[in-house]
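The structure appears right after this line, and notes come after that.
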Amino acid sequence: MARKILFLHGFFASGCCIPAQALRQAFAGKAEVLTPDLPLHPNEALAFIEDICKQEKPCVLVGNSNGAFLAQIVASRLGIPALLGNPYLEMTRFLIKRIGVHEYKSPRANGRQHFVIDQPLIDEFAEVQAHQWDNFRTEQNDRIWGLFGENDHLAHFEPLFLQYYTHAHHFPGGHTPTAEEVREYYVPLTEKLIQ
């Protein structure tokens, strides 16, 4: 199988979260879906994603929430098509309300389930956020698409997305898509981006 899709999970998730599993199942026999656990720190995560892209050469990135925030940056830098599901384009807003110790919502490959949100982490996200559009190019407009849940009560960044990109799609779900929503909405758009 030559075609590869790289899925980037949300902040509290891991590479074995429900959206990742659903994407893998949907593309079984058609494309290999890579679903790694992302590092907590954004600069480390961006370097990690870029390394995977250089080694594995995915034909599309699919991200959700924080994964979509990171996907937009890498897709712009490397010229890879991307589907941004409920992109959390201002992660500092999310983190500032959640300082403290947390647990991942799905198992991590390394077995570590707890992590800490602190001010240095928020500062690092603020720096990345400030430069997230540095590699934006208008010719990428047709290749970076947004997918927004109509019942997403967490991220409201479609207006900011539309300042840069024109392809905004909608689905009736919330912030984290169900397996069914991944199959019904994420998969067809991913297939279109691959073509």
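FYI, it's all coordinate maths here, none of it is from the lab. Note that the structure is a prediction, hence the values are computed from the model and not measured. Neighbour counts run over all protein chains shown; Cβ positions are idealised from the backbone, glycine included.
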(request) May I ask you to list the residues of the range 155-195 whose amide nitrogen lies under 18 Å from a point 7 Å from Cα along the Cα→beta-carbon direction of K30? (result) 178-195
(message) At 7 Å along Cα-to-Cβ for each site, give me the label-to-label distance between N141 and C16 in nm.
(response) 4.3 nm
(message) Between P42, P172, P87, where does the largest GNM mean-square fluctuation fall for the chain, given springs only between Cα atoms within less than 10 Å?
(response) P172
(message) Rounded to the nearest 5, what % of DSSP beta bridges with both residues in the range 4-194 are antiparallel?
(response) 15 percent
(message) Between A47 and Q163, how high is the FRET efficiency from 1/(1 + (r/R0)^6) when r is the Cβ-Cβ distance and R₀ = 25 Å? Nearest 0.05.
(response) 0.40
(message) Please give the charge dipole size of the range 72-189, origin at the Cα centre, charges +1 on K and R Cβ atoms and -1 on D and E Cβ atoms. Round to the nearest 20 debye.
(response) 280 debye
(message) Which of H102, H170, H153 ends up with the largest GNM mean-square fluctuation for the chain, with Cα atoms connected below 10 Å?
(response) H153
(request) Can you bin the chain into rounded, prolate or oblate? Criterion: square roots of the alpha carbon gyration tensor eigenvalues sorted a ≥ b ≥ c, rounded for a/c under 1.5, prolate for a/b above b/c, oblate for the rest. (result) rounded
(request) Considering only lysines 8 or more places apart in sequence, or on different chains, count the pairs in the chain whose C-alpha atoms sit under 20 Å apart. (result) 8
